[in-house]
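The values are calculated or read from the model by the stated rules, or taken from the named source; none is laboratory data. Just so you know, these numbers come straight off a predicted model, no measurement behind them. Here the Cβ positions follow ideal geometry from the backbone for every residue, glycine too, while neighbour counts run over all protein chains shown.
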Amino acid sequence: MDRVEECVYLPGQLARCPARVPVHALTPDQLDLLLEEGDQRVGNTLFRTECPMCSACEPVRVSIPDFAPNRSQRRIFARGEEQLDLEVGRPELSRRKVNLWKRHRRARGLLTAHSRLDVTGYEEWLVQSCAQTLEFRYFHEAKLVGVSLLDLGRVSANSAYHYFDPRFSHLSLGVYSVIKEIQWCSELGMQWYYLGLWVEECRALRYKTGFVPHERLRGGAWWPGAELDSVG
């Protein structure tokens, strides 16, 4: 699939993300290599941004062994540990998840003219996968409030998607889930936690570069985030 459509991150810009479908399920080593080259995964497809007039999207990855949360992140994590419960399993389809996903996408302004919000769209996006994928489910008092999809390579983990209940924004579920999943990956001895795409001018994505040390893919090479930020 290859088409030009409106960008969900930068209003007024056009986006192009040609999608490829692997012939076979990806091995852990293949996933590591594709992530290092800048691939993103949605459902059974892989893509890289090839936008006609823009190069603002930069893949982000965090060094798991070197990651140290800052003071704000430690507060968020401590609050989450007190109020949230985690369940890990295979991706599964449910009406409750579909409704939560729809609320999140509407609240975050992530809809385009081609967006699908039905059960089939959810299954194709967030249940089907060409990689080994786990679903991290976050609960507050037995109520599902957040879901993450984490792809597992040999030395890398890919945060393929995260959505949460906008009514629980005060818990900073996006930040908490990243720290929790980095902690989980650290116990497996992994090296990299991939955080998807970052766009400097997109407010909803700014939190991603708050995890340090991190690297961003620019011009075909991975650069320390601190070095990129110092030169602009």
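Per-structure values
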read-out: Failed criterion for GLY38 (all others in (1) at pLDDT below 95; (2) assigned to a loop (DSSP other than H, G, I, E, B) hold); value: (1)
read-out: Residue count for region 177-219, restricted to those that are touching a residue at least 60 places away in the same chain (Cβ under 8 Å) and not in a helix (DSSP H, G or I); value: 21
read-out: Conditions (1) within 23 Å of VAL21 (Cα to Cα); (2) in contact with a Lys or Arg (Cβ under 7 Å, 6 or more places away or on another chain); (3) exposed (fewer than 14 other Cβ atoms within 10 Å of the Cβ); number of the one not met by ASP118; value: (2)
read-out: Residues of region 25-68 satisfying the condition of being touching a helix residue (DSSP H, G or I) at 6+ places or on another chain (Cβ under 9 Å) and without any contact (Cβ under 8 Å) to a residue 60 or more places away in the chain; value: ASP39
read-out: Filtered residue count, region 3-21, keeping only those that are among the charged types (D, E, K, R) and in a loop (DSSP other than H, G, I, E, B); value: 1
read-out: Residues of region 195-214 satisfying the condition of being buried (at least 21 other Cβ atoms within 10 Å of the Cβ) and out of contact with any Asp or Glu (no Cβ under 8 Å at 6 or more places or on another chain); value: LEU195, LYS208, PHE211, HIS214
read-out: All positions within region 83-107 that are in contact with a strand residue (DSSP E or B) (Cβ under 8 Å, 6 or more places away or on another chain) and among the hydrophobic types (A, V, I, L, M, F, W, C); value: LEU84, LEU86, VAL88, LEU100, TRP101
read-out: Test: residue in region 150-162 that is at pLDDT 95 or above, under 17 Å from the mean Cα position of the chain (by Cα), buried (at least 20 other Cβ atoms within 10 Å of the Cβ) and charged (D, E, K, R); value: yes
